[in-house]
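**Q** I'd like to ask some things about the structure below.
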Amino acid sequence: MTEAAFPEGSSSQPAVDIGDVMQKLAEHKGCGTEGGSGKASCGSSAGPADMAPEIWEKVKNHPCYSEEAHHHYARMHVAVAPACNIQCNYCNRKYDCANESRPGVVSERLTPEQASKKVLAVASTIPQMTVLGIAGPGDPLANPQKTFETFRLISEVAPDIKLCLSTNGLALPDWVDEIAKYKVDHVTITINMIDPEIGQHIYPWVFWENKRLQGYEAAKILTERQLLGLEMLTERGILAKINSVMIPGINDKHLVEVNKAVKSRGAFLHNIMPLISAPEHGTVFGLNGQRGPTAQELKALQDECEGDMNMMRHCRQCRADAVGLLGEDRSAEFTTDKIMAMDVEYDAEGRKAYQQAVESERQAKVEAKQSELDGLEKAGDTKLLVAVATKGHGIINEHFGHAKEFQIYELSGKGAKFVGHRRVDLYCQGGYGEEDALDTVITAINDCHAVFVSKIGGCPKADLIEAGIEPVDQYAHEFIEQSALVWFKDYLAKVEAGEIVHVDRGDAAIRQGALLSQAS
Ligand code: CLF
Ligand code: SF4
């Protein structure tokens, strides 16, 4: 059967009132909470008290839809969807879909049956893996047969795993009922523009109704279909996240309009990602020198949009076959050869027990953060960023030299708020420090006042101090936000006592290379 001949869904429409859904989304600003940050945000400690129970059930252990959950829960992607129906100027088809994954590594393509076996293998090895996403390497809805067969197989064998889908949206309106039928509760649409004048600089063509459309006409069809698809998802109570690629000089200012348009149509969360563009990717943008944003340009746009809607800031632009916590990639442990040789037993009860333990740990972290909120009024308008080396669980538990990324928190009178992450080259190369890598680390966290680590050697410590970044290692294996707030209060006290002078720091660079899988 060809993909085009895949039967239309026979599902009846779920009885969800769009008014109710829009009301809930408006009331709760997505999965938002005032939390410790003072700002409604999926990036803070959203809990069951902050939102309608049915929305909490959907987001509480989805690492992309809840920033707080991403420290504890993992997702996996299966690369079952090779074809695409549009062309983006930041994509090279040799690589994964750049809408949801960083170009740079070719995925291993799977059949739905192999994908199902892989999900079971991962679920029995990583009990905190709660979400299965299909995100490429092309567009899942340009490969509907493979995509929905994979969802069908997985929902039969592992019904506790949440299903998730990421699409460019062109075919979305045709498949919304099928998406509802398989209880895919989370759908991402990549929307980079709502104005075809802008869109024609991002999309050279789309394949629509058996014709290749180009330029303005192509972008016009694409935006119409994306917005229609979003409205249809909202009508059915399916949570929609919007991904947008920030392309300086092309759509950076326009993304504020995109944000308003998607919010008014019921989108749950907006994820503005930096363009990753380098000549070696072989993309149009890579080859014509189109730059990506700096860290502060990205943050400024996210901050501007946050007044209107919750922003996702913890996206790792992961591969179409990523496995593990966001920010780690365990896909090399689960190649087809290894999976086929594995003895897989799906232990639903064991998974449940493990996840209950995770919930206790998560609650302890939230309480620890709350305990440090008093006394922050001294901060006034002072705000600063700190970088944290962590392997997950919301704890400072990574050595400076072993960090592949640093999480970035903004500290202010409102508390500690996660605002992003910075990937870096490993400083520690088999027992010795790599000076070139240290330069890239400093460049990546140059806008931070301090870096929190579990351990750090003397040489990098001295270089960081010289660069104006305080290395902080006295909170090893303690909770990140609580520790950061203790440090911040101490910093404010020193400023007040005249021991130090608070100065704003400069900008930082976003690393342009690919995230490579690390076999363990
Ligand atoms: Fe995958 Fe996407 Fe689902 Fe998450 S990823 S299909 S919503 S389960 Fe998450 Fe990865 Fe960012 Fe995507 S960090 S690229 S937003
Ligand atoms: Fe590439 Fe994804 Fe765009 Fe298709 S939708 S061209 S796979 S980035």
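The values are calculated or read from the model by the stated rules, or taken from the named source; none is laboratory data. Fair warning: this is a prediction, and the values are worked out from it, not measured in the lab. Every residue, glycine among them, receives a Cβ derived from its backbone with ideal geometry; neighbour counts consider all protein chains shown. For accessibility, only protein heavy atoms count, side chains too; no ligands or nucleic acids. Shrake-Rupley method; radii C 1.70, N 1.55, O 1.52, S 1.80 Å.
**Q** Only residues in the stretch 350-378 that are within 29 Å of SER412 (Cβ to Cβ) count as the first member; pair them with residues that are open to solvent by 60 Å² or more (accessible area, probe 1.4 Å), Cβ under 7 angstrom, at least 6 apart or cross-chain, and list the lot.
**A** Filtered contacts from the stretch 350-378: LYS378/GLU496.
**Q** Quick one: which residue in ALA320, ALA353, ALA278 is closer than 21 Å to ASN251 by Cβ and among the small types (Gly, Ala, Ser)?
**A** On the way: ALA320 fails: closer than 21 Å to ASN251 by Cβ; ALA353 fails: closer than 21 Å to ASN251 by Cβ.
It is ALA278.
**Q** Look at the stretch 122-136 and say how many of its residues are open to solvent by less than 10 Å² (accessible area, probe 1.4 Å) and either closer than 15 Å to GLU156 by Cα or under 18 Å from the mean Cα position of the chain (by Cα) (or both). Talk me through it step by step, then tell me what you get.
**A** Taking the stretch 122-136 as the starting set, the residues that turn out to be open to solvent by less than 10 Å² (accessible area, probe 1.4 Å) are 122-123, 126, 129-136.
Checking which are either closer than 15 Å to GLU156 by Cα or under 18 Å from the mean Cα position of the chain (by Cα) (or both) leaves us with 123, 129-136.
Selection size over the stretch 122-136: 9.
**Q** Can you tell me which of (1) open to solvent by less than 30 Å² (accessible area, probe 1.4 Å); (2) at pLDDT below 90 is the one SER517 doesn't meet?
**A** (1)
**Q** Further question on the same structure: Got a sec? Which of ILE202, ILE198, ILE194 is in contact with a His (Cβ under 7 Å, 6 or more places away or on another chain), assigned by TED's automatic domain parsing to the domain that holds LYS220 and more than 15 Å from ligand 1 (Cβ to nearest atom)?
**A** That would be ILE198, the only listed residue that is in contact with a His (Cβ under 7 Å, 6 or more places away or on another chain), assigned by TED's automatic domain parsing to the domain that holds LYS220 and more than 15 Å from ligand 1 (Cβ to nearest atom).
**Q** If you scan the stretch 179-216, which residues turn out to be open to solvent by 10 Å² or more (accessible area, probe 1.4 Å), in contact (Cβ under 8 Å) with a residue 12 or more places away in the chain and farther than 21 Å from ILE247 by Cα?
**A** Correct list: ALA180, LYS181, TYR182, LYS183, ASP185, PHE207, TRP208.
**Q** Determine whether TYR203 is within 12 Å of ligand 2 (Cβ to nearest atom) and not hydrophobic (A, V, I, L, M, F, W, C).
**A** yes
**Q** Quick test of your reading of the structure: HIS71 fulfils all but one of (1) in contact with a strand residue (DSSP E or B) (Cβ under 8 Å, 6 or more places away or on another chain); (2) at pLDDT 65 or above; (3) surrounded by 24 or more Cβ atoms within 10 Å (Cβ to Cβ); (4) over 23 Å from GLN145 (Cβ atoms). Name the failing condition by number.
**A** Answer for HIS71: the failing condition is (1).
**Q** Among (1) more than 21 Å from the chain's Cα centre (by Cα); (2) open to solvent by less than 40 Å² (accessible area, probe 1.4 Å); (3) under 16 Å from ALA476 (Cβ atoms), there is one condition GLY392 misses while meeting the rest; what is its number?
**A** Just one mismatch for GLY392, condition (1).
**Q** Suppose the filter is open to solvent by less than 10 Å² (accessible area, probe 1.4 Å), at negative phi and within 15 Å of ligand 1 (Cβ to nearest atom); does VAL176 pass it?
**A** no
**Q** Here is a further query. Out of all the residues in the stretch 60-92, which are within 16 Å of ligand 2 (Cβ to nearest atom) and polar (S, T, N, Q)? Don't jump to the end; show me each part of the working.
**A** To start, the set of residues in the stretch 60-92 that are within 16 Å of ligand 2 (Cβ to nearest atom) comprises 77-92.
Hits for the stretch 60-92 are ASN85, GLN87, ASN89, ASN92.
**Q** Something else now. Tell me yes or no: at least one residue of the stretch 96-106 is within 22 Å of the chain's Cα centre (by Cα) and at pLDDT 95 or above.
**A** Residues of the stretch 96-106 within 22 Å of the chain's Cα centre (by Cα): 96-106.
Subsequent filtering for residues that are at pLDDT 95 or above retains none.
No; the residues of the stretch 96-106 include none that is within 22 Å of the chain's Cα centre (by Cα) and at pLDDT 95 or above.
The rows are residues; the columns are (1) over 18 Å from HIS62 (Cα atoms); (2) charged (D, E, K, R).
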residue: MET342; (1), (2): yes, no
residue: TYR346; (1), (2): yes, no
residue: GLN355; (1), (2): no, no
residue: GLU367; (1), (2): yes, yes
residue: ASP381; (1), (2): yes, yes
residue: VAL386; (1), (2): yes, no
residue: THR390; (1), (2): yes, no
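**Q** Here's a follow-up. How many residues does the stretch 277-301 hold that are open to solvent by less than 10 Å² (accessible area, probe 1.4 Å) and within 16 Å of ligand 1 (Cβ to nearest atom)?
**A** Within the stretch 277-301, residues that are open to solvent by less than 10 Å² (accessible area, probe 1.4 Å) and within 16 Å of ligand 1 (Cβ to nearest atom) number 0.
**Q** Here's another thing I want to ask about it. When the stretch 161-173 is examined, which residues are found to be crowded, with 24+ Cβ neighbours inside 10 Å and away from ligand 1 (no atom under 16 Å from the Cβ)?
**A** LEU170
**Q** Looking at GLY237, GLY266, which is the one that is small (Gly, Ala, Ser), in contact (Cβ under 8 Å) with a residue 40 or more places away in the chain and open to solvent by less than 10 Å² (accessible area, probe 1.4 Å)?
**A** None of the others qualify; the one that does is GLY266.
**Q** Here's something else I'd like to know. Please work out which one of (1) without any contact (Cβ under 8 Å) to a residue 60 or more places away in the chain; (2) closer than 20 Å to HIS72 by Cβ is the condition ALA341 fails and give its number.
**A** (2)
**Q** Go through the stretch 474-503 and report how many residues are free of Cβ contacts under 8 Å to residues at least 40 places away in the same chain and either among the basic types (Lys, Arg) or at negative phi (or both). Break it down into steps so the answer makes sense when it comes.
**A** Residues of the stretch 474-503 that are free of Cβ contacts under 8 Å to residues at least 40 places away in the same chain, as a first pass: 474, 490, 494, 497-501, 503.
Imposing the further condition that a residue be either among the basic types (Lys, Arg) or at negative phi (or both) reduces the set to 474, 490, 494, 497, 499-501, 503.
Count: 8.
**Q** Specify the residue that is farthest from ligand 2 (Cβ to nearest atom); the eligible residues are those in the stretch 310-337 that are among the basic types (Lys, Arg) and either free of Cβ contacts under 8 Å to residues at least 12 places away in the same chain or within 20 Å of ILE134 (Cβ to Cβ) (or both). Break it down into steps so the answer makes sense when it comes.
**A** As a first pass, look at the stretch 310-337 and keep what is among the basic types (Lys, Arg): 313, 316, 319, 330.
This time we only want the ones that are either free of Cβ contacts under 8 Å to residues at least 12 places away in the same chain or within 20 Å of ILE134 (Cβ to Cβ) (or both), so: 316, 319, 330.
Numbers: ARG316: 16, ARG319: 12, ARG330: 23 Å.
Among those that are among the basic types (Lys, Arg) and either free of Cβ contacts under 8 Å to residues at least 12 places away in the same chain or within 20 Å of ILE134 (Cβ to Cβ) (or both), it is ARG330.
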